[in-house]
Structure formats: C-alpha cells, structure tokens
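**Student:** Quick one: this structure, given as structure tokens, is what I'll be asking you about.
The values are calculated or read from the model by the stated rules, or taken from the named source; none is laboratory data. Bear in mind that the values here come from a model prediction, so they are computed numbers and not experimental data. Ideal geometry is used to build each Cβ from the backbone, glycine not excepted, and the neighbour counts take in all protein chains shown. Only protein heavy atoms, including side chains, enter the accessible area calculation; ligands, DNA and RNA are left aside. Shrake-Rupley method; radii C 1.70, N 1.55, O 1.52, S 1.80 Å.
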Amino acid sequence: MNLKAFRLSPPGTLAADSRGPDRFLGLLLLAAAAALLAGWLLPVMTVHTLVIFDDEVSILTGAFRLLESGDYAIFVLIVLFTVVLPVGKLIFAWLAWSRLRVDDPRVRRALHWVEAVGRWSMLDVFVIAILVVVIKLSLISDVEIHSGLYVFIAAVVLSMIAVRRIAVLAHRKLEERG
C-alpha cells in the first residue's frame, strides 16, 4: 500500500517533508488552537467583592463586560491581543507549514508575518496578568485564579514552540534552495 496517497499536505511543503517529531507540528498547532479556545471560555478568575459578591470571569465574558461598560479602548486591546493576533498567528503558521510549498514566494511573507506576530505572543498573557494584579490591589476585592488562565498560557506557549520550529524548518529549507 502506498502511504504517500494518504498525505494531507501537498509535496514540497514543510509538512510533507517533515521527519521525526516535526511530523507532529500540525497536531501541536491544533492543540494550541484547542487550548486557546478553552482559555477564552473557561473562567480565568473569580472576583470576590465585599465577601458577599462573587463574579466568575472568563477572557471573553470579561471583554464583553468592558464593551458593555463603555471601555472601548480596553475592549479592543483585549480582543486584539487575546483573540485576533493569536488566531492569525495560528492560521498563518498552519498555512506556512501544511499548504505552501517552500519555493512559493508567499512562504517568505507568511513566515515574516508569523515571526513578527510571534514577538507579541506573551503580551496577551501580560494583559491578563495586569488585570489580575489590578483587581488584587483593590482593597475591597480578592481574586481566585482558575484553570482558564493556565490553559490560556499553555496555548500561548504551545503556539510559540510550534511557530518557532516551523520558522526554523522554513529557514533551513529556504537556505538549502539558495
């Protein structure tokens, strides 16, 4: 039986030419996407105010509460750095790895974009951390951290590992081709 017939990626792509653990980069990107989705939806914290009010907050519910309260600039920043850029980075990384041939000029552009966005990867975690610190410094509130924060951080770390490895493989292939 010819196993090449079952390949999902076209010949000449990084995915098709991958060997060893690099064959699992697609699964790593998928795991990062699943963790990202879970990180958005799972509660990241419970805010206890005045001992009698508890408010469980996920990234998305927190963002929409900012929108409802008229904090448009903060809403845009949260959505940009925790939703738009991470999703864009995963999509471009997936395309660069599984669909574009290394000799395609679009690979260089996609790779450049993914690396540029990758430099901002930890900013989304930083934004959430600042939010937690601000609430913790409040005299009338206490914050209990939940699994959503850790899942979100895991998504960022997994995507950073996958994107970095894809970039290394792409640069290596581009150097081989001259």
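**Student:** Looking at region 28-49, I want the residues that are within 25 Å of Leu95 (Cα to Cα) and have a partner that is part of a strand (DSSP E or B) and open to solvent by less than 30 Å² (accessible area, probe 1.4 Å) with Cβ atoms under 7 Å, at least 6 apart or on another chain. Which pairs are those?
**Tutor:** From residues that are within 25 Å of Leu95 (Cα to Cα), the pairs are Trp40/Ser58.
**Student:** Mind listing whichever residues of region 55-69 are over 20 Å from Leu90 (Cβ atoms), open to solvent by 30 Å² or more (accessible area, probe 1.4 Å) and not aromatic (Phe, Trp, Tyr)?
**Tutor:** Asp55, Glu56, Thr61, Arg65, Leu66, Leu67, Glu68, Ser69
**Student:** Taking the stated definitions as given, is Ile52 over 24 Å from the mean Cα position of the chain (by Cα), open to solvent by 50 Å² or more (accessible area, probe 1.4 Å) and of a type in the set (Val, Ile, Thr)? Walk me through how you get there before you give the answer.
**Tutor:** Numbers: over 24 Å from the mean Cα position of the chain (by Cα): yes; open to solvent by 50 Å² or more (accessible area, probe 1.4 Å): yes; of a type in the set (Val, Ile, Thr): yes.
In short, yes.
**Student:** How about region 48-84: which of its residues are closer than 30 Å to Val168 by Cβ and touching an Asp or Glu at 6+ places or on another chain (Cβ under 7 Å)?
**Tutor:** Once the filter is applied, which keeps residues that are closer than 30 Å to Val168 by Cβ and touching an Asp or Glu at 6+ places or on another chain (Cβ under 7 Å), region 48-84 yields Phe81, Thr82.
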